[in-house]
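Asker: Have a look at this one.
Quick note: the coordinates plus some simple rules give every number you see, no bench work behind them. Nothing here was measured: the structure is a model prediction, and the numbers come from that model. Cβ: placed from backbone, ideal geometry, glycine included. Neighbour counts: every protein chain shown.
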Protein chains: 2
Amino acid sequence: MASEWQCFFDESKKPEHYERTVTYMKEFVDKCMRQDRPIVLVSSGGTTVPLESRTVRFIDNFSVGTRGATSTEYLLQQGYAVIFLHRRGSLEPFKRHFTHTNLLDLLVTDGGTVHVKDEDSDRVRHLLERYVAVTEAGTLLSVAFTSLNEYLYLLMGAAQVLKTYRHQAMFYLAAAVSDFYIPANEMPEHKIQSDGVPLQISLQLVPKMLQPLVTEWSPDAYVVSFKLETDQDLLIPKARKALKRYSHQLVVANILETRKKYVVMVTQESEQIVKMDDEELSRGQEIEAKIVEEVVKRHRMFIEQRQAETVGF
Amino acid sequence: MASEWQCFFDESKKPEHYERTVTYMKEFVDKCMRQDRPIVLVSSGGTTVPLESRTVRFIDNFSVGTRGATSTEYLLQQGYAVIFLHRRGSLEPFKRHFTHTNLLDLLVTDGGTVHVKDEDSDRVRHLLERYVAVTEAGTLLSVAFTSLNEYLYLLMGAAQVLKTYRHQAMFYLAAAVSDFYIPANEMPEHKIQSDGVPLQISLQLVPKMLQPLVTEWSPDAYVVSFKLETDQDLLIPKARKALKRYSHQLVVANILETRKKYVVMVTQESEQIVKMDDEELSRGQEIEAKIVEEVVKRHRMFIEQRQAETVGF
């Protein structure tokens, strides 16, 4: 009998250029393998759930992709190659520093060359140098999605490609993935008209893809999932429930309001608080630096254990 | 008895800093009045409809704000002052030209100054000069919203401020406003949990704010609304129905797939097609240039008529 997740993919249309994108990912992974570089797949941003097949309206999740985009910069610094699977239009590493800036406000011209204003020049040069270094090293592969559908297909494709990377691969699943969707055969083709009121929308549960990820697609990888809640009391119980259900390695749990200064790293056996004090925040430091440092340490230990087991065996 | 739209505002929370924003708009309008400059309020981008009061999930409309942001540039060129009421994060005039560009890909540094690459320099300088001219003239006021709620409050505030501007004011309502919402008292506080499946969402109809806009808030203004459909057969009938219902001046009707090359300007008495041929599109010309030219011509005629009526009276 086909499992729930197989049924989901059977019913859902493949994203455009799916095979080509998987091929790019495969080439990237092969190159990193030759360089003996650890790889992480970072998922980032929210997924849309269309309400109509020619989509005018959709359900979305609150997420601008800060966690994923910021963490990617620190993961690159730690020597990882990154497949950055992100919501189209959400924050991106390096580029994110200019989100609230109008490029045109940074520039001046004397009628000839156009250059960055003196007061911004140091900050921009510093970023530019880091960005150019990453571009030249070729350690960042960006892959974009919009809908839930596209995201899940691309996650599967990436995970299947990373299977041979075994315990050297990490999944850092920071995307805010919808729990609910409308199956294609229950969706109207055209824009919903406003005559029938109240409008009733009926949503089905999305199969949890962590399950095939850890059992079939990439069973030897180090898998970190993220949990965002608004109710403090539910946070740790829900993280534990997820760990028990999927047997993956780590849940980074956070509350919507405090997510930039407080997270809990939850495993089956332990809870570790990672937080920022006001001084660190006022200096512009980011909690993702600490999260990544801790996650990378744990991934290294995981790799050593697995290698020791292999040797012992 | 309170009307539907009054009930909506009574039930809904005012946006943060609402009074302050209205004051800014008032100051802007007063300044433009002293300069005897026509004003247009352009609304742009989609509105969100929260599914939870501490919002994690929301319903959104497909719209990146191309029509509004692009039209704003052409309206500024035509000598209008513009209140640009736009979805936070959607396209903005001038800045929009860099949406698909990573700023860092445009720049080079020799370790000292940071400047725009030679190959992009002409294009960026041209834009920068137009942007600086508008900034110095002070003819563009940007006001941002995210939710339906915020949008409707700010539209009301702007319209009330523009009332004294009478027929010299134009409303160019290109925003994709949700037809449906969940009243605050029917909304759960916390993130919806995924235990109850299928999840049923029940949405109520949003009162049409064109009605109080044309009868109470700004009854003498020139009002242009936009209609986006996916079904060609519904387009003109729905535009006519709206004109009949609200007695405003113009509907710009378009189909999702062809909206960048074909629109119909519909009034009670007439239909006028505005379209782009392939050559114009390949030269990078934009249909908004033609739409704005036509709308401005009609607004000028409207002003002349009203002034003639006043003199006659």
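Asker: Can you pull out every residue in the stretch B:17-63 that is out of contact with any helix residue (DSSP H, G or I) (no Cβ under 7 Å at 6 or more places or on another chain), polar (S, T, N, Q) and away from chain A (no Cβ under 14 Å)?
Answerer: B:23, B:35
Asker: Being surrounded by fewer than 20 Cβ atoms within 10 Å (Cβ to Cβ) and of a type in the set (A, V, I, L, M, F, W, C): is that true of residue B:224 here? Show your work before the answer.
Answerer: On the way: surrounded by fewer than 20 Cβ atoms within 10 Å (Cβ to Cβ): no; of a type in the set (A, V, I, L, M, F, W, C): yes.
So residue B:224 does not fit the description; no.
Asker: Let me ask you something else. Looking at the stretch B:35-45, can you tell me whether even one residue there is under 30 Å from residue B:134 (Cα atoms), among the aliphatic types (A, V, I, L, M) and surrounded by fewer than 18 Cβ atoms within 10 Å (Cβ to Cβ)? Write out each step before concluding.
Answerer: The first filter runs over the stretch B:35-45 and keeps only residues under 30 Å from residue B:134 (Cα atoms), leaving B:35-45.
From what's left, among the aliphatic types (A, V, I, L, M): B:39-42.
From what is left, the residues that are surrounded by fewer than 18 Cβ atoms within 10 Å (Cβ to Cβ) are none.
Scanning the stretch B:35-45, I find no residue that is under 30 Å from residue B:134 (Cα atoms), among the aliphatic types (A, V, I, L, M) and surrounded by fewer than 18 Cβ atoms within 10 Å (Cβ to Cβ), so the answer is no.
Asker: I've got another one for you. Please work out which one of (1) part of a helix (DSSP H, G or I); (2) touching a helix residue (DSSP H, G or I) at 6+ places or on another chain (Cβ under 8 Å); (3) under 30 Å from residue A:204 (Cα atoms) is the condition residue A:124 fails and give its number.
Answerer: (3)
Asker: Quick test for you: out of A:227, A:297, A:290, A:275, pick the one residue that is closer than 30 Å to residue A:149 by Cβ and not acidic (Asp, Glu).
Answerer: Numbers: A:297 fails: closer than 30 Å to residue A:149 by Cβ; A:290 fails: closer than 30 Å to residue A:149 by Cβ; A:275 fails: closer than 30 Å to residue A:149 by Cβ.
Sole residue among the options that is closer than 30 Å to residue A:149 by Cβ and not acidic (Asp, Glu): A:227.
Each row is one residue, and each column tells you yes or no for (1) in contact with a helix residue (DSSP H, G or I) (Cβ under 6 Å, 6 or more places away or on another chain); (2) within 29 Å of residue A:160 (Cβ to Cβ).
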position: A:208; (1), (2): no, yes
position: A:226; (1), (2): no, yes
position: A:231; (1), (2): no, no
position: A:235; (1), (2): no, no
position: A:239; (1), (2): no, yes
position: A:253; (1), (2): yes, yes
position: A:262; (1), (2): no, no
position: A:273; (1), (2): no, no
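Asker: Examine the stretch B:164-179 for a residue that is facing another protein chain (nearest Cβ under 10 Å), more than 30 Å from residue A:119 (Cα to Cα) and either among the aliphatic types (A, V, I, L, M) or free of Cβ contacts under 8 Å to residues at least 24 places away in the same chain (or both), and state whether such a residue exists. Lay out the reasoning, then the answer.
Answerer: Of all residues in the stretch B:164-179, those facing another protein chain (nearest Cβ under 10 Å) come to B:176, B:178-179.
Filter once more, so that each one left must be more than 30 Å from residue A:119 (Cα to Cα): B:176, B:178-179.
After this cut, where a residue has to be either among the aliphatic types (A, V, I, L, M) or free of Cβ contacts under 8 Å to residues at least 24 places away in the same chain (or both) as well, the list is B:176.
Within the stretch B:164-179 (the criterion being facing another protein chain (nearest Cβ under 10 Å), more than 30 Å from residue A:119 (Cα to Cα) and either among the aliphatic types (A, V, I, L, M) or free of Cβ contacts under 8 Å to residues at least 24 places away in the same chain (or both)), the answer is yes, since at least one residue qualifies.
Residue-by-condition table, conditions (1) in contact with a Ser or Thr (Cβ under 8 Å, 6 or more places away or on another chain); (2) loosely packed, with under 13 Cβ neighbours inside 10 Å:
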position	(1), (2)
B:205	yes, no
B:208	no, no
B:228	no, no
B:237	no, yes
B:242	yes, no
B:296	no, no
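Asker: So residue B:245 clears everything in (1) in contact (Cβ under 8 Å) with a residue 24 or more places away in the chain; (2) touching a strand residue (DSSP E or B) at 6+ places or on another chain (Cβ under 8 Å); (3) within 14 Å of another protein chain (Cβ to nearest Cβ); (4) farther than 26 Å from residue B:23 by Cα except one condition, right? Which one?
Answerer: Going through (1) in contact (Cβ under 8 Å) with a residue 24 or more places away in the chain; (2) touching a strand residue (DSSP E or B) at 6+ places or on another chain (Cβ under 8 Å); (3) within 14 Å of another protein chain (Cβ to nearest Cβ); (4) farther than 26 Å from residue B:23 by Cα one by one, residue B:245 breaks only (2).
Asker: When you scan the stretch A:70-115, how many residues do you find that are at the interface with chain B (Cβ under 9 Å from one of its Cβ atoms) and charged (D, E, K, R)?
Answerer: 3
Asker: Looking at this structure, is residue A:67 buried (at least 19 other Cβ atoms within 10 Å of the Cβ), at the interface with chain B (Cβ under 9 Å from one of its Cβ atoms) and of a type in the set (Lys, Arg)? Don't jump to the end; show me each part of the working.
Answerer: Working: buried (at least 19 other Cβ atoms within 10 Å of the Cβ): yes; at the interface with chain B (Cβ under 9 Å from one of its Cβ atoms): no; of a type in the set (Lys, Arg): yes.
So residue A:67 fails the test.
Asker: Could you please find all residues in the stretch B:53-108 being under 12 Å from the mean Cα position of the chain (by Cα) and within 15 Å of residue B:171 (Cα to Cα)?
Answerer: B:67, B:68, B:69, B:71, B:72, B:82, B:83, B:84, B:85, B:86
Asker: Suppose we keep only residues that are without any contact (Cβ under 8 Å) to a residue 12 or more places away in the chain and within 9 Å of chain B (Cβ to nearest Cβ) within the stretch A:123-140. Which one would you say is farthest from residue A:38 (Cα to Cα)?
Answerer: Result: A:125.
Asker: Condition (residue is surrounded by 14 or more Cβ atoms within 10 Å (Cβ to Cβ) and closer than 30 Å to residue A:53 by Cα) applied to the stretch B:77-86: is it met by at least one residue?
Answerer: The initial filter retains those residues of the stretch B:77-86 that are surrounded by 14 or more Cβ atoms within 10 Å (Cβ to Cβ), namely B:77-78, B:80-86.
Narrowing further to those that are closer than 30 Å to residue A:53 by Cα: B:85-86.
Checked the stretch B:77-86: at least one residue is surrounded by 14 or more Cβ atoms within 10 Å (Cβ to Cβ) and closer than 30 Å to residue A:53 by Cα.
Asker: For the stretch B:234-307, give me every one of the strands (runs of 3 or more DSSP E) that falls completely inside it and has 1 or more residues that are of a type in the set (Phe, Trp, Tyr).
Answerer: B:262-266
Asker: Follow-up question, since we're still on this one. Look through A:228, A:234 and report the one residue that is farther than 20 Å from residue A:306 by Cβ, within 14 Å of another protein chain (Cβ to nearest Cβ) and more than 18 Å from the chain's Cα centre (by Cα). Reasoning before the result, please.
Answerer: On the way: A:228 fails: more than 18 Å from the chain's Cα centre (by Cα).
None of the others qualify; the one that does is A:234.
Asker: Applying the selection to the stretch B:157-179, what residues are more than 14 Å from residue B:48 (Cα to Cα), out of contact with any Pro (no Cβ under 8 Å at 6 or more places or on another chain) and not in a helix (DSSP H, G or I)?
Answerer: Answer for the stretch B:157-179, where residues must be more than 14 Å from residue B:48 (Cα to Cα), out of contact with any Pro (no Cβ under 8 Å at 6 or more places or on another chain) and not in a helix (DSSP H, G or I): B:171, B:172, B:173, B:174.
Asker: Any residue in the stretch A:264-280 that is basic (Lys, Arg), surrounded by fewer than 20 Cβ atoms within 10 Å (Cβ to Cβ) and more than 17 Å from the chain's Cα centre (by Cα)?
Answerer: Taking the stretch A:264-280 first, the residues basic (Lys, Arg) are A:275.
Cutting the leftovers down to surrounded by fewer than 20 Cβ atoms within 10 Å (Cβ to Cβ) gives us A:275.
From the residues that got through so far, the ones that are more than 17 Å from the chain's Cα centre (by Cα) too are A:275.
Checked the stretch A:264-280: at least one residue is basic (Lys, Arg), surrounded by fewer than 20 Cβ atoms within 10 Å (Cβ to Cβ) and more than 17 Å from the chain's Cα centre (by Cα).
Asker: Quick check on my filter: what residues within the stretch A:130-156 are under 12 Å from residue A:175 (Cβ atoms) and assigned to a helix (DSSP H, G or I)?
Answerer: Result: A:148, A:150, A:151, A:152, A:154, A:155.
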